[in-house]
Amino acid sequence: MITRLQDPNYDRWAHQIKRTGGCRQPIHLRGKVEHYDRATGRLLHRYSTHTEPDGVLRVACKTRRASRCPACAETYRADTYQLVRAGLVGGKGVPETVAAHPALFVTLTAPSFGAVHVRREKNGKVLPCHARRDAETCPHGQVMSCTSRHAADDPRLGEPLCPECYDYEGSVLFNAVSPELWRRFTEALRRRFARISELTMRELREQLTISFAKVAEYQRRGVVHFHAVIRLDGPTGPASPPPAWATADALEQAVQHAAGAITVEVEPLARVFRWGAQLDVRPITMNGDLTEQAVAAYIAKYATKAAECVGTLDRRIHTLDELALYPLREHAHRLIAECLRLGALDDLADLRLTQWAHMLGFRGHFSTKSRRYSTTLGALRAAREEHQRVEEITTGRLPLFDEDTVLVITHWEYAGKGLSLGDQLLAAAITRTPLLVEGGDPS
Ligand SMILES: [Zn+2]
Ligand SMILES: [Zn+2]
Ligand SMILES: [Zn+2]
């Protein structure tokens, strides 16, 4: 820190760090940008990292994962919030009339793979975990009952009552097929609307679009469930109203039907998976119980998380030997080991369970949206970058030029990644971003 602070180039370094928004693991680039006049070939402007601190330009890593970089994850969270909210009330290129379209907040859960310790509350009081009067004793001698009233931070939460009885195979296979379950669910929704409107699928497309934005959340027991905004639009998306018969009630009934109707089979093991019985469907209204801000904040929060809250790792694992190097809780260890076991089976190769063992089998995207839901993260990013570019031009770092008459030659190479511990401390202080995140990797 002292070396950095005494460096005559410190101000420029601090400027770079501010530009990355305090990214904890910035990419270092070495290179140059040259602007030439197309007509005369005259060099108009040259930028080189040669004169930058340490001879490199630092750019943000842009990860969405808070456990890796809290600063970039915060940008991602804010963008996701804007994206989800725009789909509910308009803005960012989405017409405000979208607020009148029927929209539901739907949570699709995973089924049970065995009893786990849970914390339940009723009227502000914590209930016993699994109180059973005539509790069975499992073949491993474990009484299938737990009368503890678990604290919110009890490490046993999500752990099976009996790990030997717990269906680890089912748990990781469910995660692996859950993106396909979601895809079939959205298809079943469309088919249901075709049936109730007595239209063919093609005719339906000319009248109705079903738009959604969804996020995956890991439960403590290590399975994913999905939270989704599902909205009804006319044929061109948010700019056109849905037909009169496509009401919020009709959508709710279609969701209930579709969620119960579809399955995915893992044929080599003759196992069939479906959503859990718990299905939560709530209308989103601007003045009711569930507002568009609440929904957008909820989805955005989970968009920056992965499986680390289950106590697993945020990096790839390929062998049991490698797994043994990490101090994981028993349940997470068993889930990863099960992925490695199933991943070695040729019949299941397409589930790529070894590659996604650290994610407990889930290889889908954390937050996704249908094409017409609202704006895109890319568009939000481009707008921000354009703003920064204009700022650079007005502060004299880049010449104002006409793209048609100026030839831009760039040459960049990768020159490393990350910040030293001292630089991390300074970066956190300069940008007022958290140095470490709860549950994050301190390395
Ligand atoms: Zn970053
Ligand atoms: Zn318990
Ligand atoms: Zn047992």
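Here are some notes:
- Scanning region 230-261 for residues that are under 24 Å from the mean Cα position of the chain (by Cα) and not in a helix (DSSP H, G or I) returns ILE230, ARG231, LEU232, GLY237, PRO238.
- Some residue of region 95-115 being within 18 Å of THR431 (Cβ to Cβ) and out of contact with any Phe, Trp or Tyr (no Cβ under 8 Å at 6 or more places or on another chain): no
- Of everything in region 327-379 that is in contact (Cβ under 8 Å) with a residue 40 or more places away in the chain, part of a helix (DSSP H, G or I) and not aliphatic (A, V, I, L, M), the residue that is nearest to VAL94 (Cα to Cα) is HIS358.
- Scanning region 112-154 for residues that are more than 10 Å from ligand 2 (Cβ to nearest atom), in a loop (DSSP other than H, G, I, E, B) and exposed (fewer than 15 other Cβ atoms within 10 Å of the Cβ) yields ASN123, GLY124, ARG132, ARG133, ASP134, GLU136, PRO139, HIS140, GLY141, ALA151, ALA152, ASP153.
- Failed condition for HIS101, given (1) within 23 Å of HIS227 (Cα to Cα); (2) out of contact with any Ser or Thr (no Cβ under 9 Å at 6 or more places or on another chain): (2)
- Residue within region 211-227 that is farther than 26 Å from PHE273 by Cα and either within 16 Å of ligand 3 (Cβ to nearest atom) or aliphatic (A, V, I, L, M) (or both) present: no
- For region 298-344, a tally of residues being at pLDDT 85 or above, surrounded by 21 or more Cβ atoms within 10 Å (Cβ to Cβ) and hydrophobic (A, V, I, L, M, F, W, C) returns 7.
- Residue match in region 281-299 (condition: within 24 Å of THR80 (Cα to Cα), in contact with a strand residue (DSSP E or B) (Cβ under 7 Å, 6 or more places away or on another chain), basic (Lys, Arg) and not in a loop (DSSP other than H, G, I, E, B)): yes
- Residue within region 161-172 that is within 19 Å of LEU335 (Cβ to Cβ), assigned to a loop (DSSP other than H, G, I, E, B), under 28 Å from the mean Cα position of the chain (by Cα) and more than 16 Å from ligand 2 (Cβ to nearest atom) present: yes
- Condition check for SER145: within 16 Å of ligand 3 (Cβ to nearest atom), polar (S, T, N, Q) and free of Cβ contacts under 8 Å to residues at least 40 places away in the same chain: yes
- Filtered by the rule that a residue be β-branched (Val, Ile, Thr), touching a helix residue (DSSP H, G or I) at 6+ places or on another chain (Cβ under 7 Å) and modelled with pLDDT of 95 or more, region 263-297 gives VAL264, VAL266.
- For region 307-323, the criterion of being in contact (Cβ under 8 Å) with a residue 60 or more places away in the chain and of a type in the set (A, V, I, L, M) is met by at least one residue.
- In this structure, GLU180 qualifies as among the acidic types (Asp, Glu) and touching a residue at least 40 places away in the same chain (Cβ under 8 Å).
- Here ASN175 clears all of (1) modelled with pLDDT under 95; (2) out of contact with any Asp or Glu (no Cβ under 7 Å at 6 or more places or on another chain); (3) surrounded by 22 or more Cβ atoms within 10 Å (Cβ to Cβ) except the condition numbered (1).
- You will find that of GLY91, GLY87, the residue that is more than 9 Å from ligand 1 (Cβ to nearest atom) and crowded, with 22+ Cβ neighbours inside 10 Å is GLY87 and no other.
- The residue of region 168-208 that is nearest to GLN219 (Cα to Cα), among those that are out of contact with any helix residue (DSSP H, G or I) (no Cβ under 9 Å at 6 or more places or on another chain) and of a type in the set (Asp, Glu), is GLU180.
- Residue within region 188-204 that is in a loop (DSSP other than H, G, I, E, B) and not hydrophobic (A, V, I, L, M, F, W, C) present: yes
The values are calculated or read from the model by the stated rules, or taken from the named source; none is laboratory data. All values derive from a computational prediction rather than experimental measurement. Glycine gets a Cβ as well: all are built from the backbone with ideal geometry, and neighbour counts include every protein chain shown.
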